[in-house]
């Protein structure tokens, strides 16, 4: 495996591992090109690959091509296992994932492996209720507040820590997060439409602000994806054969890594 060889030759340890997915729009009828999640060009055929990033050295540890009609959570556990095998012998200090990886199987796997994690929560009504009924918000800066709670999903065997963030839209119009649009979930109707919310499940025993600041560092993976697309044209290399397209992508990723040395 080319990735395994490459990272075995690099000397680093106690790294942060980030996971993400992206959409690659296709113009033809290539294998695996299908209609799926595609916010920029809805209804167009696409592939939806998974990527893993070693944040500390700004390199890409793994790349799997997937059909366009898959969600971020499809094949996530196998991809996580494969990525950790590629980096065998190196210590993982932290795993960061977006909400596509918010699943019991991922949480259980990471905890069984003794790996620390911060994962963005996928909103359901119980999480939305916790966000809209929280009253112990602490202001970090003007328009940005943070809090935390303990949450246990129906499928979980135990409760876990959730760090919650809300940002006032009027004061921070470019703030990340999601609006909660069900007015009946709000205890205080004046809060309806006022904030964007984010929340994160974590096993870290650190102040909520440090957890939030650490997760924000995961956004750098979006810059790596932009570089792959804009500078290395990874989404332009496509063949009719699915596996040949994945091979092209893997070689482009490896070229990116060599350029990052």
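The values are calculated or read from the model by the stated rules, or taken from the named source; none is laboratory data. Keep in mind the model is a prediction, meaning the values are calculated, not measured. Every residue, glycine as well, gets a Cβ built from its backbone with ideal geometry; the counts of neighbours run over all protein chains shown.
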**Message:** Can you pull out every residue in the stretch 1-43 that is part of a loop (DSSP other than H, G, I, E, B), touching a strand residue (DSSP E or B) at 6+ places or on another chain (Cβ under 7 Å) and surrounded by fewer than 16 Cβ atoms within 10 Å (Cβ to Cβ)?
**Reply:** 14, 41, 43
**Asked** Restricting the stretch 220-229 to residues that are in contact with a strand residue (DSSP E or B) (Cβ under 9 Å, 6 or more places away or on another chain) and surrounded by fewer than 18 Cβ atoms within 10 Å (Cβ to Cβ), which is nearest to residue 55 (Cα to Cα)?
**Response** 220
**Prompt:** So which of 232, 258 is in the same structural domain as residue 86 (by TED's automatic domain parsing), over 17 Å from residue 50 (Cβ atoms) and in contact with a helix residue (DSSP H, G or I) (Cβ under 6 Å, 6 or more places away or on another chain)?
**Reply:** 232
**Prompt:** When residues of the stretch 158-180 are filtered for being in a loop (DSSP other than H, G, I, E, B) and either touching a residue at least 12 places away in the same chain (Cβ under 8 Å) or touching a strand residue (DSSP E or B) at 6+ places or on another chain (Cβ under 6 Å) (or both), how many remain?
**Reply:** 10
**Message:** Checking the structure you have, find out if any residue of the stretch 108-130 is surrounded by fewer than 16 Cβ atoms within 10 Å (Cβ to Cβ), assigned to a helix (DSSP H, G or I), touching a helix residue (DSSP H, G or I) at 6+ places or on another chain (Cβ under 9 Å) and on the phi < 0 side of the Ramachandran plot.
**Reply:** yes
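Which of the following residues is touching a residue at least 12 places away in the same chain (Cβ under 8 Å), more than 21 Å from the chain's Cα centre (by Cα) and assigned by TED's automatic domain parsing to the domain that holds residue 258: 61, 33, 52?
Values: 61 fails: more than 21 Å from the chain's Cα centre (by Cα); 52 fails: more than 21 Å from the chain's Cα centre (by Cα).
It is 33.
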**Asked** Before we move on, is residue 209 in the same structural domain as residue 67 (by TED's automatic domain parsing), modelled with pLDDT of 90 or more, under 30 Å from residue 156 (Cβ atoms) and out of contact with any helix residue (DSSP H, G or I) (no Cβ under 7 Å at 6 or more places or on another chain)?
**Response** yes
**Message:** What's the number of the only condition in (1) surrounded by 20 or more Cβ atoms within 10 Å (Cβ to Cβ); (2) farther than 25 Å from residue 124 by Cβ; (3) at pLDDT 95 or above that residue 200 fails to meet?
**Reply:** (2)
**Prompt:** Looking at (1) without any contact (Cβ under 8 Å) to a residue 60 or more places away in the chain; (2) surrounded by fewer than 16 Cβ atoms within 10 Å (Cβ to Cβ); (3) not in a helix (DSSP H, G or I), which is the one condition that is false for residue 93?
**Reply:** (1)
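Any chance you could count how many residues in the stretch 64-80 are within 18 Å of residue 119 (Cβ to Cβ) and either crowded, with 19+ Cβ neighbours inside 10 Å or over 16 Å from the mean Cα position of the chain (by Cα) (or both)? Show your work before the answer.
Our first condition is that a residue be within 18 Å of residue 119 (Cβ to Cβ); within the stretch 64-80, this holds for 71-80.
Keeping just the survivors that are either crowded, with 19+ Cβ neighbours inside 10 Å or over 16 Å from the mean Cα position of the chain (by Cα) (or both) gives 72, 76, 79-80.
Qualifying residue count, the stretch 64-80: 4.
Mind checking whether some residue in the stretch 52-68 is under 19 Å from residue 104 (Cα atoms) and either in contact with a helix residue (DSSP H, G or I) (Cβ under 7 Å, 6 or more places away or on another chain) or part of a loop (DSSP other than H, G, I, E, B) (or both)? Talk me through it step by step, then tell me what you get.
First, the residues of the stretch 52-68 that are under 19 Å from residue 104 (Cα atoms): none.
Within the stretch 52-68, not a single residue is under 19 Å from residue 104 (Cα atoms) and either in contact with a helix residue (DSSP H, G or I) (Cβ under 7 Å, 6 or more places away or on another chain) or part of a loop (DSSP other than H, G, I, E, B) (or both).
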